[in-house]
Amino acid sequence: MSNKIYYKAIMILSISVFCIGAMPEISYGNDFLHNKSIIAIDNQEETKQENKKHIDYNKMCWNLQALYKNDAEWEKDLKKFTKDIKELKNYTGKITKSKTHLDFALEIKERLDIKLNKLGGYVKLKKDISKNSYKYLAMDEKLDNVYRDYRMVCSGLELEVLKLSDKEFKEISSSKKIKSKYNRYLSSIRSSKDYYLDQTSENILADVSKITSLPGYIYELFRNMDKKTNLNPSEYSQALESFDRNERKSAYQNEFVSYNDNINTLAGLLVGQVNKNIFYSTQRGYESSLDMYLKSDGVNTKVYDRLIETVSDNTSSLHKYISLRKKALNLDKVYYYDMFVPIVDSVDNSIGYEKAQGIIYSALAPLGKEYSDIVYKAFNERWIDVYSKDEKVSGAYCLSVYDAHPYILLNYGSNLSSVSTLAHELGHGVYSYMSAKNQNYYNSNPSIFTHEVASTTNEALLYEVLIKNATNDKEKAYYITQYLDLIKDTVFIQTMYAEFEKIIHEMMENGEVLNTLVLDDTWGKLLQKYYGKDYELDQLAKVGWSRIPHFYNSFYVYKYATGCSAGVAFAQDILKNGSDNYISFLKKGSSDSPTNLLKKAGVDLTSTQPIENTINKFDELVKELETIIVK
């Protein structure tokens, strides 16, 4: 999941982006990909043998030469891009003169957007595997400066399109070529007509973006360079899953104290982020910050509100799971550091990366050969940077570059959670790849809203297949807990995050004070609301809000929850009826609005049904797990 905004430059009003990737199609034979059975994860002897193998780390990291051979070539291309902006700028005041002028200008812009996608992708990837390098921070800043100039040119041209009457716009955009290649882009501009300002004001907003981007920029500096802990991300994740409660508690305290020691600074940054959103939404005339961000997604705010309402009405389902966790682990109270340890014995003490690939192939086999062929490319053509390193950022994401292919960042931890993360990011990557192969550039950029559907569909399939093929109750119970945690973390907890964002934005929009104490108190109340009476809220847990980087990509997290509910629905349909409907959805890219694409594929997220069905699935899994535990 990416956190930099300029990897595409389609609209000045675009708030969140996901970059696109494409590669020449290669077909691989059925024998390698499909004649596989589900791998028994508890085969410890096989795991030991695999771990003895020498890992060639050079094959487990990105090959960025598909983008640029070296940094000097990137610098050269940036200079050329800067010069090429002038070619587009020549159309200022002329773009709406004729269909030919509009067509030529859009062709130039498309070429520049693809180039910017490549430039931005390279520097982000380099920066994220060299987090202490000031060189790539400087390159990022240099690109940011060029991007601001480019954005102002694009803004001026878009304003000319906006000034057209509906009749004039219909006439100038009526050519077959413009309709087929650029209709979605032009329509998105026209739909934002009420929120564009005059050219002078647009230029001012573009100029101040260097200031308004500071909260997120400084937060990333803290998180990746200044935060000091004893454990790297992979070690921390593994410690929280330890059956030794003291180890879990120690890891939790070490991590959270590093944030608590800087909590007032971090509160100031988040307040700055909220202020930024209020500034832009007010200047442009949106009803609220939430309204501004969801309009950029093509999603009605009712979807967001219904999500929170539906999940809030069903927190008792999560409370039951927390109570079962307390009982199974024989705890007096459930603390934050007790939320990640398996409540049944683990059957995946060590899953090597090679073995993880086999599990992924098997779990995603219901998606068919075409999908599996792309997964094979990802594993064998160095699309994935696999292991944690001191200079590498934490977390996981997929960033796709149109002229190359998707790039996936992992911090692989040799457990089932890491396998699930791999499945998730491959969902993003294959979706981007299929979209680019089947749509033109401006229709090949799926929204984050639908991207999270593609990623969680893979995770749901992983657990559905593992549960179905479990050889005994111990395996089955463990896989059920992992599926439960997916839904817990993605539907319930991400909705809690979404509610937190909504609350703090509304507070400041209503003139209320927001500071460390208010943020801690708001977070603490939400933890109690979602986790229930068996969860013990300690003071350190209240700073949990400060650890969420997605809050600097505002109103993003709700997409995880909606995506999971749609993903669970798709997984059920794929296993019952085959993958044709789902593959068709992936290939449509961004050729329609996100909600329309999903509705045509049979998932209506404007209703509460998908969320309710997912919560019902959660309840069924809790009941099944409890039955096994009490045997």
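The values are calculated or read from the model by the stated rules, or taken from the named source; none is laboratory data. Bear in mind the structure is a predicted one, so any value in this text is a computation, not a measurement. Because the Cβ atoms are built from the backbone with ideal geometry, glycine has one as well, and the counts that use them run over all protein chains shown. SASA here: full protein model, heavy atoms, side chains in, ligands and nucleic acids out. Shrake-Rupley method; radii C 1.70, N 1.55, O 1.52, S 1.80 Å.
The residues of region 212-223 that are open to solvent by less than 40 Å² (accessible area, probe 1.4 Å) and among the hydrophobic types (A, V, I, L, M, F, W, C) amount to a single one, 222.
The residues of region 525-558 that are under 17 Å from residue 338 (Cβ atoms), open to solvent by less than 20 Å² (accessible area, probe 1.4 Å) and outside any loop (DSSP other than H, G, I, E, B), listed by number, are 527, 530, 531, 535, 541, 544. Can you find a residue that is within 24 Å of residue 621 (Cα to Cα) and under 23 Å from the mean Cα position of the chain (by Cα) anywhere in region 496-503? Looking for residues that are within 24 Å of residue 621 (Cα to Cα) and under 23 Å from the mean Cα position of the chain (by Cα), one finds at least one in region 496-503, hence yes.
Scanning region 599-608 for residues that are buried (at least 22 other Cβ atoms within 10 Å of the Cβ) and either among the β-branched types (Val, Ile, Thr) or out of contact with any helix residue (DSSP H, G or I) (no Cβ under 6 Å at 6 or more places or on another chain) (or both) yields one hit, 603.
Going by the structure shown, is residue 131 in contact (Cβ under 8 Å) with a residue 60 or more places away in the chain, crowded, with 16+ Cβ neighbours inside 10 Å, assigned to a loop (DSSP other than H, G, I, E, B) and not small (Gly, Ala, Ser)? In short, yes. One residue stands out in region 494-519 among those that are free of Cβ contacts under 8 Å to residues at least 60 places away in the same chain and open to solvent by 10 Å² or more (accessible area, probe 1.4 Å): the one that is nearest to residue 306 (Cα to Cα), namely 503. For region 398-453, the candidate set comprises residues that are among the acidic types (Asp, Glu) and open to solvent by less than 10 Å² (accessible area, probe 1.4 Å); within that set, the residue that is farthest from the chain's Cα centre (by Cα) is 425. Of the residues making up region 567-608, those that are farther than 14 Å from residue 446 by Cα and of a type in the set (D, E, K, R) are 573, 576, 580, 599, 600, 604.
So that you can scan it fast, the table gives a plain yes or no per residue for (1) of a type in the set (A, V, I, L, M); (2) closer than 30 Å to residue 547 by Cα; (3) within 32 Å of the chain's Cα centre (by Cα):
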position: 155; (1), (2), (3): no, no, yes
position: 167; (1), (2), (3): no, no, no
position: 171; (1), (2), (3): no, no, no
position: 180; (1), (2), (3): no, no, yes
position: 192; (1), (2), (3): no, no, yes
position: 200; (1), (2), (3): no, no, no
position: 215; (1), (2), (3): no, yes, yes
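Residues in region 81-111 that are of a type in the set (D, E, K, R), open to solvent by 60 Å² or more (accessible area, probe 1.4 Å) and either under 15 Å from residue 154 (Cβ atoms) or free of Cβ contacts under 8 Å to residues at least 12 places away in the same chain (or both): 8 in all.
Of all residues in region 570-594, those satisfying the criterion of being surrounded by 15 or more Cβ atoms within 10 Å (Cβ to Cβ) and farther than 30 Å from residue 187 by Cα are 571, 572, 573, 574, 575, 579. Taking (1) within 19 Å of residue 496 (Cβ to Cβ); (2) surrounded by fewer than 18 Cβ atoms within 10 Å (Cβ to Cβ) in turn, residue 330 satisfies each apart from (1).
For the condition in contact with a Lys or Arg (Cβ under 8 Å, 6 or more places away or on another chain), under 30 Å from residue 330 (Cα atoms) and touching a residue at least 12 places away in the same chain (Cβ under 8 Å), residue 237 does not qualify. Would you call residue 242 open to solvent by less than 70 Å² (accessible area, probe 1.4 Å) and over 28 Å from residue 206 (Cβ atoms)? The answer is yes for residue 242. Among the residues of region 318-375, which ones are in a loop (DSSP other than H, G, I, E, B), modelled with pLDDT of 95 or more and closer than 21 Å to residue 429 by Cβ? The answer is 364, 368.
Close contacts from region 369-394, counting a first residue that is under 30 Å from residue 226 (Cβ atoms) and outside the structural domain of residue 137 (by the TED database) and a second that is basic (Lys, Arg) and open to solvent by less than 10 Å² (accessible area, probe 1.4 Å), with Cβ to Cβ under 9 Å and a gap of 6+ residues or different chains, come to 385/392. Screening residue 114 on (1) open to solvent by 50 Å² or more (accessible area, probe 1.4 Å); (2) modelled with pLDDT of 90 or more shows it passes everything except condition (1). Among the residues making up region 584-596, those that are modelled with pLDDT of 95 or more and part of a helix (DSSP H, G or I) are 584, 585, 586, 587. Flag set for residue 214, criterion: touching a residue at least 24 places away in the same chain (Cβ under 8 Å) and not assigned by the TED database to the domain that holds residue 83.
Scanning region 196-211 for residues that are surrounded by fewer than 18 Cβ atoms within 10 Å (Cβ to Cβ) and not small (Gly, Ala, Ser) yields 197, 198, 199, 200, 203, 204, 207, 208, 210, 211. The condition of being out of contact with any Leu (no Cβ under 7 Å at 6 or more places or on another chain), farther than 19 Å from residue 393 by Cβ and open to solvent by 40 Å² or more (accessible area, probe 1.4 Å) holds for only one of 305, 291, that being 305. Among the residues making up region 391-412, those that are β-branched (Val, Ile, Thr) and closer than 13 Å to residue 428 by Cα are 401, 408.
One residue stands out among those in region 376-389 that are over 21 Å from the mean Cα position of the chain (by Cα) and assigned to a loop (DSSP other than H, G, I, E, B): the one that is farthest from residue 358 (Cα to Cα), which is 389.
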